[in-house]
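A short write-up of the structure that comes next.
Read-outs throughout are calculated quantities, based only on the coordinates presented, and are distinct from any laboratory measurement. Bear in mind that the values here come from a model prediction, so they are computed numbers and not experimental data. Please note: Cβ atoms are built from the backbone with ideal geometry, for glycine as well, and neighbour counts cover all protein chains shown.
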Amino acid sequence: MRHSEFERAVEDEFGRGGAALVDDLALAEIGHRTAREALAAGVPPREVWRALCVEADVPLERRHGAGRLEPRR
């Protein structure tokens, strides 16, 4: 997962409130840092996405492949 895919996944899943979650929600699985802090520290976006999903109770079926664009035809 790229950073841009992470941002799309957050927007798709959480809407406009996603930015607040990324900036404010402490994620236990990545050392009680916010998603923004973890990304800045070099934690891979996929790992941050998974931690955010766990903390926010995102259903499993909406976690995999999130943020990807539709393939070009």
## Note on the structure
Here the residues within the range 33-61 that are within 12 Å of His3 (Cβ to Cβ), within 13 Å of the chain's Cα centre (by Cα) and surrounded by fewer than 17 Cβ atoms within 10 Å (Cβ to Cβ) are Arg36, Pro44, Arg46
### Query
Which residue pairs have Cβ atoms under 6 Å apart, sit 6 or more places apart or on different chains, and have a first residue in the range 16-32 that is buried (at least 18 other Cβ atoms within 10 Å of the Cβ) and a second that is assigned to a loop (DSSP other than H, G, I, E, B)?
Ile30/Val43
### Spans of helices (runs of 4 or more DSSP H) in the chain with at least 2 residues of a type in the set (Val, Ile, Thr)
45-55
